[in-house]
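The values are calculated or read from the model by the stated rules, or taken from the named source; none is laboratory data. No experiment lies behind these values; they were computed from the predicted model shown. Note: ideal-geometry Cβ built from the backbone for every residue, glycine included; neighbour counts use all protein chains shown. Side chains included, ligands, DNA and RNA excluded: accessible areas come from the protein's heavy atoms. Shrake-Rupley method; radii C 1.70, N 1.55, O 1.52, S 1.80 Å.
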Amino acid sequence: MESDEQILHILTKENFTKEDLVNLLNSDISGRNILYKKAAEVKEKYVGKITYYRGLIEFSNYCSKNCYYCGIRKSNSNTLRYDLNDEEIMSAVKFAHDKNYGSVVLQSGERNDKQFIEKVERLLKKIYQISNGELGVTLSLGEQTKETYKRWQDSGARRYLLRIESTNKELFYKIHPNDEYHNFEKRLEALQTLNDLGYQTGTGVMIGLPHQTIEDLANDLLFFKNNDIDMVGMGPYIEHSDTPMFSEKHLLLPLNERFNLSLKMIAILRILMKDINIAAATALQAIDPIGREKAIKIGANIIMPNITPTENRKNYLLYQNKPCTDEGAEDCTECLEARIYISGDEIGYGKSGDSKHFFSRMKK
Ligand code: 5AD
Ligand code: SF4
Ligand code: FES
């Protein structure tokens, strides 16, 4: 454990070494409070006490992949599959627009077929049309070819989220099958392609994975920094009983420790990359009822209210105990509004809330 003096000393530095990051991640209760205070100050100074909404539409849980940790993996036959039609999706989009959300996130399991690619293209054009291009769209649809990324960009997508899940290649292959569909280098390439094409690029990792070390997490933070990432979404790993990784449950940290480690990761990242967008991941709320608010207080500035139609939510269970599966879009909007005000932030209504980092990166 590091003393308060050591934590204070590290926080005066301009740049953190890997060892500094490890020490910050290992901070005890009093050390971590110093870290959180500093992160809150950095947030206020560089991105303001504003939280931006991204309406999350989980439009299909069909997935061609078999990630070992994920409840909607292809081989989980206990998941009832759904695929929302254009009308259903557009009605969620209209809700977000009417409620003055700055933007929406289209998320689904990973598919690379023509029908899927065309559907996303069509939706992007419709969203642009109904909002006069005002509604920002983030895609979270996994690895695609450069052509596909380009096509979607030409149809109006500006931001893309593709979590690396872990930057430790060995760990990556412990949590994914080692085959052509789950390839570490391909994922890195996909991130690079998004960056080269001029997307605001987001990535992230899961925290508290079996076999993951504090050094791994320090390296994850350095990866975000070295790759000039614009947005990060990261949260605790939460086991799902219908997945292969459930058999490693005995190796996991207790849930509250995974939660605390996730908050520390967010706070450190805010200090490390002052002007990026950081999401308060929904998985935080699966552990602590006010987990997302805590993340907002110590550095996160993005929240993704779920606006998926209620009847589909319980089938988009990436992990168990996922919150808001019985609620509707209206419920989550009002609930989160109260929660954000309580945590001391304003809501960036009507603002697309682009990553400030993206623009400073573009000027370089
Ligand atoms: N626990 C936490 N996060 C998970 N995800 C998938 N399965 C789990 C899980 N069991 C995350 C992955 C993926 C994102 C959409 O959800 O990081 O990128
Ligand atoms: Fe599919 Fe994504 Fe789940 Fe992997 S994490 S199985 S790609 S939905
Ligand atoms: Fe969904 Fe509170 S955020 S019900």
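Overview of values
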| read-out | value |
| --- | --- |
| Candidates Glu327, Glu293, filtered to the one that is over 30 Å from Met273 (Cβ atoms) and of a type in the set (D, E, K, R) | Glu327 |
| Region 295-311, subset part of a loop (DSSP other than H, G, I, E, B) and more than 21 Å from Glu346 (Cβ to Cβ), residue nearest to ligand 2 (Cβ to nearest atom) | Thr308 |
| Some residue of region 295-306 being at pLDDT 95 or above and surrounded by fewer than 19 Cβ atoms within 10 Å (Cβ to Cβ) | no |
| Number of the exception - Phe59 against (1) within 14 Å of ligand 2 (Cβ to nearest atom); (2) open to solvent by 10 Å² or more (accessible area, probe 1.4 Å); (3) not aliphatic (A, V, I, L, M) | (2) |
| Residue within region 206-227 that is of a type in the set (A, V, I, L, M, F, W, C), within 15 Å of ligand 1 (Cβ to nearest atom) and over 23 Å from Arg270 (Cα atoms) present | no |
| Scan of region 11-27 for residues that are open to solvent by 50 Å² or more (accessible area, probe 1.4 Å) and acidic (Asp, Glu), ordered by number | Glu14, Glu19 |
| Contacts under 6 angstrom Cβ, first residue in region 265-279 being assigned to a loop (DSSP other than H, G, I, E, B), partner open to solvent by less than 10 Å² (accessible area, probe 1.4 Å) and modelled with pLDDT under 95, 6 or more apart | Ile276/Ser355 |
| Evaluation of Lys74 against (1) open to solvent by less than 60 Å² (accessible area, probe 1.4 Å); (2) within 15 Å of ligand 2 (Cβ to nearest atom); (3) basic (Lys, Arg) (one fails), failing number | (1) |
| Positions within region 17-38 being outside any helix (DSSP H, G or I) and charged (D, E, K, R), in sequence order | Asp28 |
| Some residue of region 227-234 being under 19 Å from Ser355 (Cα atoms) and open to solvent by 30 Å² or more (accessible area, probe 1.4 Å) | yes |
| Condition check for Lys37: open to solvent by 30 Å² or more (accessible area, probe 1.4 Å) and either closer than 22 Å to Gly202 by Cα or away from ligand 3 (no atom under 16 Å from the Cβ) (or both) | yes |
| Residues located in region 347-364, provided they are open to solvent by 30 Å² or more (accessible area, probe 1.4 Å) and touching a helix residue (DSSP H, G or I) at 6+ places or on another chain (Cβ under 8 Å) | Lys356 |
| Residues of region 93-122 that turn out to be touching a residue at least 60 places away in the same chain (Cβ under 8 Å) and open to solvent by less than 10 Å² (accessible area, probe 1.4 Å), as a count | 6 |
| Which listed residue, of Lys249, Lys264, is under 20 Å from Lys322 (Cα atoms) and open to solvent by 10 Å² or more (accessible area, probe 1.4 Å) | Lys249 |
| Number of the condition not met by Asn321 [criteria: (1) touching a residue at least 40 places away in the same chain (Cβ under 8 Å); (2) surrounded by 15 or more Cβ atoms within 10 Å (Cβ to Cβ); (3) more than 9 Å from ligand 3 (Cβ to nearest atom)] | (2) |
| Unique match (being within 16 Å of ligand 1 (Cβ to nearest atom), under 20 Å from Leu197 (Cβ atoms) and of a type outside the set (Gly, Ala, Ser)) among Gln153, Gln107 | Gln107 |
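This table checks each residue for (1) over 21 Å from Leu84 (Cβ atoms); (2) within 15 Å of ligand 1 (Cβ to nearest atom); (3) not aliphatic (A, V, I, L, M).
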{"residue": "Gln320", "(1), (2), (3)": "yes, yes, yes"}
{"residue": "Thr325", "(1), (2), (3)": "no, yes, yes"}
{"residue": "Leu336", "(1), (2), (3)": "yes, no, no"}
{"residue": "Gly344", "(1), (2), (3)": "yes, no, yes"}
{"residue": "Ile347", "(1), (2), (3)": "yes, no, no"}
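Residue by residue, here is whether (1) under 17 Å from Tyr53 (Cα atoms); (2) outside any loop (DSSP other than H, G, I, E, B); (3) touching a Lys or Arg at 6+ places or on another chain (Cβ under 7 Å); (4) among the aliphatic types (A, V, I, L, M) holds:
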| position | (1), (2), (3), (4) |
| --- | --- |
| Ala283 | yes, yes, no, yes |
| Tyr316 | no, no, no, no |
| Thr325 | no, no, yes, no |
| Glu334 | yes, yes, no, no |
| Gly344 | yes, no, yes, no |
| Tyr349 | yes, no, no, no |
| Gly353 | yes, no, no, no |
| His357 | no, yes, no, no |
| Met362 | no, yes, no, yes |
